[in-house]
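Below: the structure, in structure tokens.
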Amino acid sequence: MIVAGFGFRGAATPESLRDAYDRARAGDTATRIATAADKAESPAFRAFAQSLGLPVVPVPPQRLTHQATLTRSAASQTARGTGSVAEAAALAAAGPQARLVGARAISEDRLATCALAWGETT
């Protein structure tokens, strides 16, 4: 299983999310997408998920803070208790033995980030 995790600002569009996803995936295709639980119902995120036809995994805040991320964003750490929401969401949704494909990718408009994680669960 491959999970695409996302972090994004309120002004992000479905195109912002698509750009971040395309930059992160490097040929891999996600089987589900994840983000912080409070962002999962965002209209832009829902539209993006629907365009992919993938299930959404809303990740509770406490699960975000327990993930070891490659990125150490001070802003993300202050706001969410994790170095990268995208990386933490991908890891949390992919399961206990998950590992990141790489560090997060940032959309060209800088409104969205995406990271992929491999997990053993299906």
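The numbers here are math on the coordinates, done by the rules we state, and not lab data. Small disclaimer: the values here were computed from a predicted structure and weren't measured. Here the Cβ positions follow ideal geometry from the backbone for every residue, glycine too, while neighbour counts run over all protein chains shown.
List of remarks:
- In the chain, helical runs assigned H by DSSP with n ≥ 4 each contribute -39500 (n - 2.57); averaged across all residues and rounded to the nearest 500, the mean residue ellipticity at 222 nm is -10000 deg cm²/dmol.
- Net charge, Ala88 excluded, C-beta distance under 11 Å - Lys, Arg +1, Asp, Glu -1: +2
- Sequence of Thr29, Thr13, Thr69, Thr78 once ranked by neighbouring C-beta atoms within 10 Å, starting from the fewest: Thr78, Thr29, Thr13, Thr69
- Among beta bridges that DSSP assigns inside the chain, antiparallel share in %, nearest 5: 60 percent
- Matching label, percent of Cα pairs over 17 Å apart computed from the structure shown, candidates [x] 46; [y] 64; [z] 51: [x]
- Over the stretch 12-84, relative contact order from alpha-carbon pairs under 8 Å, at least 6 apart, %: 26 percent
- GNM flexibility winner over the chain from Arg63, Arg99, Arg72 (Cα, springs under 10 Å): Arg72
- Under the span-like rule (Cα at least 18 Å along the axis, Kyte-Doolittle mean at least -1.0), DSSP H helices of the chain: none
- Thr29-Thr78 pseudo-label distance in nm [points 7 Å out on the Cα-to-Cβ vector]: 4.1 nm
- Candidates Ser107, Ser84, Ser42, ranked by Gaussian network fluctuation over the chain, Cα under 10 Å, top entry: Ser42
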